[in-house]
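I have placed the structure first, in the form of structure tokens, so that the comments after it can refer back to it.
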Amino acid sequence: MAATDLGTQEAVVASGEQSAPDRRTGKVTFVGAGPGAADLLTIRAARAIEDADVVIWAASLVHEDVLQHARADAEIVDSAKLPMEGVLPFYERAVREGIHVARIHSGDPALWGAVQEQLDQCVELGLEVEIIPGVSSFSAAAAIAQRELTIPEVAQSVILTRLGGGKTPMPEGEEVREFARHGTTMALFLSAARSGQLQQELLEGGYPADTPCLVAYQATWPDELVLRCTLGELEATLKEHKLWKHTLVLIGAALSAGGTRSHLYHPGHFHGYRRADRAARRALRAERQGTQT
């Protein structure tokens, strides 16, 4: 390159005409806050909150302890009293100013988080988006009660649903009584306020009145309340303790069943990391054949 060409190039760089200034790209991270306890946040979730310039959280749904991960200079916004239109300006700011917004949602954003409508807006704005999953209250409640929800030979499915008649209409075919016909473990969100209807639909669907239930209020919060009852006692239990908000109901035989074992850790089962014991393998085959006949 000639000296004159090099000098011209240096002048262009000095004037700022060759490249745009370095600027952060706006980003929105939807953070699953988990059921409540701040130490149940994932490491990735805690880092996202720490990195954010603006942290949006709902005091009505998320425990304030999660804010301990926010930077001292971060802007903290309580969205409890804001409609989505009140949150959108922060996403628009993220575009204009190249900032990072952490939008904290209770539980897992994939479940009743009103996230999709926000995602659509972020995509329309051209924002980078990340979603970080969180521990759902149904798994937190099961952990508190020290129960597995998928017991071998008892229940191998978990239905996550809510009772119809609330603020959001239920699609056709998703009534609680129809799901109840499966007889497996069910987790019922946003349903405690209509305890009579809930109990009736579960009974009509086929659960026996003595089916075990677990009622969990504010699971993992300092004031958590976890109660056991039968389906026949469910309505009375919810009303006695005045539970209608932040309450989850688990139902199914798995909540009290025992005495079975998974074949995964049976000595007769083999996989890529373990060889089966031959005698145990024969016994396991005979057991399976006896079950099928």
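The values are calculated or read from the model by the stated rules, or taken from the named source; none is laboratory data. What you are looking at is a predicted structure, and each value in this text was computed from that prediction instead of being measured. All Cβ positions, even for glycine, are placed from backbone atoms using ideal geometry, and neighbour counts span all protein chains on display. Surface accessibility is based on the protein's heavy atoms, side chains included, excluding ligands, DNA and RNA. Shrake-Rupley method; radii C 1.70, N 1.55, O 1.52, S 1.80 Å.
Only one entry in Gly134, Gly107 is modelled with pLDDT of 95 or more, among the small types (Gly, Ala, Ser) and at positive phi, namely Gly107. Applying a threshold of 8 Å to beta carbon distances and a minimum spacing of six or more residues, or different chains, the list of pairs starting in the stretch 116-131 at a residue that is closer than 18 Å to Ile49 by Cβ and ending at one that is among the hydroxyl-bearing types (Ser, Thr, Tyr) and open to solvent by 90 Å² or more (accessible area, probe 1.4 Å) reads Glu128/Thr25. Scanning the stretch 152-185 for residues that are of a type outside the set (A, V, I, L, M), in contact with a strand residue (DSSP E or B) (Cβ under 6 Å, 6 or more places away or on another chain) and open to solvent by 30 Å² or more (accessible area, probe 1.4 Å) yields one hit, Phe179.
The set of residues from the stretch 157-205 being assigned to a loop (DSSP other than H, G, I, E, B) and of a type in the set (A, V, I, L, M, F, W, C) comprises Leu163, Met170, Leu190.
Just one of (1) over 30 Å from Ala38 (Cα atoms); (2) open to solvent by less than 50 Å² (accessible area, probe 1.4 Å) fails for Leu203. It is (2). Restricting the stretch 98-128 to residues that are in a strand (DSSP E or B) and open to solvent by less than 50 Å² (accessible area, probe 1.4 Å), the residue that is farthest from Arg71 (Cα to Cα) is Gly107.
The set of residues from the stretch 129-151 being in a loop (DSSP other than H, G, I, E, B) and either open to solvent by 30 Å² or more (accessible area, probe 1.4 Å) or within 15 Å of Leu61 (Cβ to Cβ) (or both) comprises Pro133, Gly134, Val135, Ser136, Gln146, Arg147, Glu148, Thr150.
Of all the numbered requirements in (1) open to solvent by less than 70 Å² (accessible area, probe 1.4 Å); (2) modelled with pLDDT of 95 or more; (3) part of a loop (DSSP other than H, G, I, E, B), Pro208 misses one, and that requirement is (1).
Among the numbered conditions (1) open to solvent by 60 Å² or more (accessible area, probe 1.4 Å); (2) modelled with pLDDT under 95, the only one that Gln197 does not meet is (2). Scanning the stretch 29-85 for residues that are in contact with a helix residue (DSSP H, G or I) (Cβ under 7 Å, 6 or more places away or on another chain), assigned to a loop (DSSP other than H, G, I, E, B) and closer than 29 Å to Val226 by Cα gives Ala33, Pro35, Leu41, His63, Ser79.
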